[in-house]
Amino acid sequence: MTILRSVVAGVGSALPRERVSNDALVARGVDTSDEWIRQRTGIGGRYVAAPDETTVTLATAAARQALERAGIGADAVDVVVLGTTTPDDTFPAAATQVQAALGMRRGFAFDVQAVCSGFVYALAMADNFLRLGQAKTALVIGAETFTRLLDWEDRTTCVLFGDGAGALVLRAEPGTGTAADRGVLTTHLHSDGRHRDALYVDGGPSTTGTVGHVRMKGQEVFRHAVNRLAEVVDEALAAAGVSAAEIDWLVPHQANRRIIDAMGRKLGLPPEKVVVTVERHANTSAASIPLALAEAAADGRIRPGHLVLIEAMGGGFTWGSSLIRW
Ligand code: UT7
């Protein structure tokens, strides 16, 4: 049976100019240490956006690179789906601003708000448009200036996050409906809104009228992440009819090295099959997976035909996974 698949045609990324090491945070007065941050999270540094670097500018730069690598112009794009928690403006959507910046005069664009799961959600939505024939080419972006949400007095959160953007061009191509097809094989999304208080921002247009700061019960999030991610990864493998041994690359959301290692162990994957960027990027929320995909594709680790598993969990709680044949 012929079906439509969303095949990856190009991937791009963008990081702010300034890298801030753990020691630099200590020098700026945060009551922490390089040793604590590395031991508990695996984070060695993060990129922090300057005032002229915004979610839209980073997303646009990543999108341009992805389009260039796909060998297509912005006018070939039918839909832009952008996962972000940190849009430039309350509205319009960052995606429509990226659309304008790219010079796109057609198609449609919108944001998806699922915090750290934002890229998986955006990918699932774009994949649905393509498989239904409602669009032929999609730009899927994860972009954040998450450091704008940080309370630099709160050491339990301010050391964890960074800024950046990654983008994927997807093109609808015929497939056979088997796991041998190139493209997105399966996507799985979940949320459980009862956990709002475990990870949230204490502000917003409808309440305080301010942007607010990230608040997190770290251990609670950690516990849920390990369990929910294990479930949603099994769900993806079962739906695609593949075994963990067939995975070429695990590209997880980059929140904590200990969560990443636990997932690698659960799947029986050797560490060299797990793409890890958390040491350099820290947690960039919706941007972390496309940033890691872009890096591993650019340096030749991820190659056409490879089976790539992505998974993420974030505020809400939201969580999800996808298997992509590159
Ligand atoms: O992307 C969205 C999803 N987010 C996540 O997946 C994050 C999940 N959670 C985590 O990654 C971890 O829970 C954290 C990294 C946030 C915290 O690690 P932990 O091992 O759970 O530490 P903890 O919260 O139990 O804190 C241990 C100690 C505490 O001191 P006491 O009470 O034992 O004296 C904290 O006050 O470490 C202290 N602490 C710090 N010390 C130095 C907390 N933050 C810091 C810090 N520097 N930055």
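The values are calculated or read from the model by the stated rules, or taken from the named source; none is laboratory data. Source: prediction; values computed, not measured. Reconstructed Cβ throughout: ideal geometry from the backbone, glycine too, with neighbour counts over all protein chains shown. Heads up: the accessible areas ignore ligands, DNA and RNA and are worked out on the full protein's heavy atoms, side chains in. Shrake-Rupley method; radii C 1.70, N 1.55, O 1.52, S 1.80 Å.
Some points to look at:
- Evaluating residue 243 against the criteria (1) closer than 27 Å to residue 43 by Cβ; (2) open to solvent by less than 60 Å² (accessible area, probe 1.4 Å); (3) among the small types (Gly, Ala, Ser) leaves one unmet condition, (1).
Let's see how each residue does on (1) in the same structural domain as residue 67 (by TED's automatic domain parsing); (2) part of a helix (DSSP H, G or I); (3) away from the ligand (no atom under 12 Å from the Cβ):
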{"site": "279", "(1), (2), (3)": "no, yes, yes"}
{"site": "290", "(1), (2), (3)": "no, yes, yes"}
{"site": "293", "(1), (2), (3)": "no, yes, yes"}
{"site": "297", "(1), (2), (3)": "no, yes, yes"}
{"site": "301", "(1), (2), (3)": "no, no, yes"}
{"site": "304", "(1), (2), (3)": "no, no, yes"}
{"site": "310", "(1), (2), (3)": "no, no, yes"}
{"site": "313", "(1), (2), (3)": "no, no, no"}
{"site": "320", "(1), (2), (3)": "no, no, yes"}
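- Listed by position, the strands (runs of 3 or more DSSP E) enclosed by segment 181-261 that each have at least 3 residues that are in contact with a helix residue (DSSP H, G or I) (Cβ under 8 Å, 6 or more places away or on another chain) and modelled with pLDDT of 95 or more are 183-191, 214-216, 249-252.
- Test for residue 34: is it in contact with a Gly (Cβ under 9 Å, 6 or more places away or on another chain), within 20 Å of residue 96 (Cβ to Cβ), surrounded by fewer than 24 Cβ atoms within 10 Å (Cβ to Cβ) and not assigned by TED's automatic domain parsing to the domain that holds residue 286: no
- Scanning segment 1-31 for residues that are outside any strand (DSSP E or B) and within 16 Å of the ligand (Cβ to nearest atom) turns up 22, 23, 24, 25, 26, 27, 28, 29, 30, 31.
For (1) without any contact (Cβ under 8 Å) to a residue 12 or more places away in the chain; (2) aromatic (Phe, Trp, Tyr); (3) away from the ligand (no atom under 16 Å from the Cβ); (4) not assigned by TED's automatic domain parsing to the domain that holds residue 306, each residue gets a yes or a no:
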site	(1), (2), (3), (4)
203	yes, no, yes, no
209	yes, no, yes, no
213	no, no, no, no
222	no, yes, no, no
228	no, no, no, no
235	no, no, yes, no
241	no, no, yes, no
244	no, no, yes, no
252	no, no, no, no
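- Unique residue being hydrophobic (A, V, I, L, M, F, W, C) and in contact with a Cys (Cβ under 9 Å, 6 or more places away or on another chain) when the list is 286, 294: 286
- Residue within segment 268-282 that is charged (D, E, K, R), more than 22 Å from residue 160 (Cβ to Cβ) and free of Cβ contacts under 8 Å to residues at least 12 places away in the same chain present: yes
- Residue within segment 218-229 that is of a type in the set (A, V, I, L, M), buried (at least 23 other Cβ atoms within 10 Å of the Cβ) and touching a strand residue (DSSP E or B) at 6+ places or on another chain (Cβ under 7 Å) present: yes
- Breaking point among (1) within 16 Å of the ligand (Cβ to nearest atom); (2) without any contact (Cβ under 8 Å) to a residue 60 or more places away in the chain; (3) closer than 13 Å to residue 167 by Cβ, for residue 34: (3)
- Of the strands (runs of 3 or more DSSP E) lying entirely inside segment 51-168, the ones with 3 or more residues being surrounded by 24 or more Cβ atoms within 10 Å (Cβ to Cβ) are found at 79-83, 137-145.
- Top-ranked residue in segment 256-273 [being open to solvent by less than 20 Å² (accessible area, probe 1.4 Å) and within 16 Å of the ligand (Cβ to nearest atom); ranked as nearest to residue 18 (Cα to Cα)]: 256
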